[in-house]
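Reading through the structure tokens given below for one structure.
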Amino acid sequence: MESLYTKYRPQTFEQVVGQSHVVETLKRAVLEGRTSHAYLFCGPRGTGKTTMARILAKALMCERGPAALPDGSCDQCRLIAAGEHPDVIELDAASRTGVDNVREEIIGRVGYAPVMGRAKVYIIDEVHMLTPAAFNALLKTLEEPPEHVVFVMCTTDPQKILATILSRVQRFDFHAIGNDEMQAHLAYVCSREGFTYDEAALELVVRHARGGMRDALTSLEQLSVFGAGHIGLEAAQDLLGEVSGSVLGKMARAMASRDVATLFAEVAVLSDAGRDLLRFTRELAGHLRDVYVMAAVPSADDAVAAQGEELEALRVEAAAFGSPDRVARVLTLLGDASSEMRTATNQRLVLEIALTRIARPESDLTLEALAERVADLERQVAILAAPGARVAAAPAPTPAPAPESDEPKPEKGFGFAPEPPARPTASVSADKPLVEKNVAPEREPKPAEPAEKNVSFGSPSGGSGAASAPRGRTNGDLQRTWKQVVDQLVKQVPAKGSLLLSSTAVSDDGERLTVSLPKGSHFAAKMLERSDVRASVDPVVAMAFGPRQVVYVESSLASQ
């Protein structure tokens, strides 16, 4: 039984699907009698390179010629179509790679005159498989062949062909056949063969063929046998291993909502069904590419293949992600996962790790993940926080503050828990009777200075003590106070406060506060030196420690 791709192989220039740029050029060359002595046809598999070489041979041999297009009806054309013409020699370079093969089958015979036709045509398939020595042996013959000889070389990898060969041939690049053209041709084949079909099934076959007509016709033939003459969508999905668009959409929505459980459940279903996870990852990346287009340019309907409800679903998914940058990060992670899965022994584990990093950016230490976390914090603050509202921080486990600081605390406390006041210094308490006599007068003006007293946040002495070296502060006190500063900054300015999340206070000498950043925090250190960031950070530091010059240093140890 003749296969579909053999039965419907084009026999004339007019029957070729796609490749109009090649067809028109060769037709004009034949009609004007300006054919070359050597051609190179390049392109993906199944795009018509060998078929075009045979049609060109027909044009050179046709009895209607030499300046006429072949119609496939003469004896010369029929012999070429059947592969039986003695003057059309087809060679597979993949099995004849050596210099001896070239000398024996080409160089040694090229001088003989044609047996039946006007010319002798050598069609060399997969020519890039020839060795450099074989190319060099062919070089002189290719440069100055006999007048009756035409070389047509076909390849899927032109980069492997020597430059000296490329300079002696006319090169034609065959493109992947367009989806619309291929689907129309498949519908034509179905009508000729009496097949019934679903449009969605043909779309799936076309998408799976990736521009190769031979692959598409082979898949169509398999489906026709499986479905007893009916090309159905479910059968196509099972045969081709494609995942339905609903599954891809569900995965995209789960990524947008950070639903790791759903992502893992879908991967488990696919794995249990025996699906190719690498192919699924590529299909998911293709789907998210369409989501990215809709997120970046919502009106770019022509840039995606979806229509109708599928197009609206893409817009909904794009809106769920919120920004194109977030979708771009997902595509980057899926691309990295695809590369790693090619050589991985456990593809499922690689995919699940990638999905976790996508849905939970806190588990990813890249700058893109940090930017996404900052953007999430900004969105949460904008949506959930009322204008001017303050969220009180949990108080540190310290004794209750003195009664006089209770009233002003809501005004300028900023949620910090003050440290217990230290005992008065010797210079203040040297004259006890004087202190006891003036207790009442000293207490009366207190309400006028509460803010000045409360900004010290645990200084060892009164309000002026924060500006001097904190002799009584231990390293634990220093770290606790710094943590309160960071927490307060995250609440007030999340984008700027998050730069200090992994920082630690190293020392405080009363004038300079040294803060250590984790190793590799070049981005955070650069941002913290900006004037607008310092304008937000320095006032909160001053309320906790007193006026300080904050110095940022990078630790030699990586953040844990």
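Just so it is clear, none of the values below were taken in a lab; they were calculated from the coordinates. Quantities reported herein were computed from a predicted structural model and do not represent experimental measurements. Because the Cβ atoms are built from the backbone with ideal geometry, glycine has one as well, and the counts that use them run over all protein chains shown.
What the table shows:
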{"quantity": "Every residue from region 182-218 that is farther than 18 Å from Gly18 by Cβ and either within 32 Å of the chain's Cα centre (by Cα) or not hydrophobic (A, V, I, L, M, F, W, C) (or both)", "calculated": "Ser191, Arg192, Glu193, Gly194, Thr196, Tyr197, Asp198, Glu199, Ala200, Ala201, Leu204"}
{"quantity": "Pick from region 286-303, criterion of a type outside the set (Asp, Glu) and crowded, with 17+ Cβ neighbours inside 10 Å, ranking: nearest to Asp238 (Cα to Cα)", "calculated": "His287"}
{"quantity": "Residue in region 273-294 that is in a strand (DSSP E or B), touching a Phe, Trp or Tyr at 6+ places or on another chain (Cβ under 9 Å) and not acidic (Asp, Glu) present", "calculated": "no"}
{"quantity": "Of all residues making up region 219-237, the number that are under 27 Å from the mean Cα position of the chain (by Cα) and without any contact (Cβ under 8 Å) to a residue 24 or more places away in the chain", "calculated": "0"}
{"quantity": "Some residue of region 225-239 being touching a helix residue (DSSP H, G or I) at 6+ places or on another chain (Cβ under 6 Å), surrounded by fewer than 16 Cβ atoms within 10 Å (Cβ to Cβ), in a helix (DSSP H, G or I) and of a type in the set (A, V, I, L, M, F, W, C)", "calculated": "yes"}
{"quantity": "All positions within region 169-205 that are over 19 Å from Gln15 (Cβ atoms) and surrounded by 18 or more Cβ atoms within 10 Å (Cβ to Cβ)", "calculated": "Val169, Phe195, Tyr197, Ala201, Leu202, Leu204, Val205"}
{"quantity": "Members of region 1-33 that are touching a residue at least 40 places away in the same chain (Cβ under 8 Å) and either assigned to a loop (DSSP other than H, G, I, E, B) or aromatic (Phe, Trp, Tyr) (or both)", "calculated": "Ser3, Tyr5, Tyr8, Arg9, Pro10, Gln11, Thr12, Phe13, Val17, Gly18, Gln19"}
{"quantity": "Residue count, region 206-217 (criterion: surrounded by fewer than 17 Cβ atoms within 10 Å (Cβ to Cβ) and in a helix (DSSP H, G or I))", "calculated": "0"}
{"quantity": "Counted residues, region 98-129 - those being buried (at least 17 other Cβ atoms within 10 Å of the Cβ) and more than 23 Å from Pro146 (Cβ to Cβ)", "calculated": "3"}
{"quantity": "Close pairs from region 477-500: first under 17 Å from Phe545 (Cα atoms), partner of a type in the set (Gly, Ala, Ser) and assigned to a helix (DSSP H, G or I), Cβ under 6 Å, at least 6 apart", "calculated": "Thr481/Ala544; Val485/Ala544; Leu489/Gly497"}
{"quantity": "Odd one out for Cys77, checked against (1) crowded, with 20+ Cβ neighbours inside 10 Å; (2) under 21 Å from Ile161 (Cα atoms)", "calculated": "(2)"}
{"quantity": "Cβ-Cβ under 9 Å pairs, at least 6 apart or on other chains, region 261-280 side crowded, with 17+ Cβ neighbours inside 10 Å, far side of a type in the set (Phe, Trp, Tyr)", "calculated": "Val267/Phe280; Leu270/Phe280"}
{"quantity": "Residue in region 173-193 that is assigned to a loop (DSSP other than H, G, I, E, B), more than 25 Å from Lys58 (Cβ to Cβ) and among the acidic types (Asp, Glu) present", "calculated": "no"}
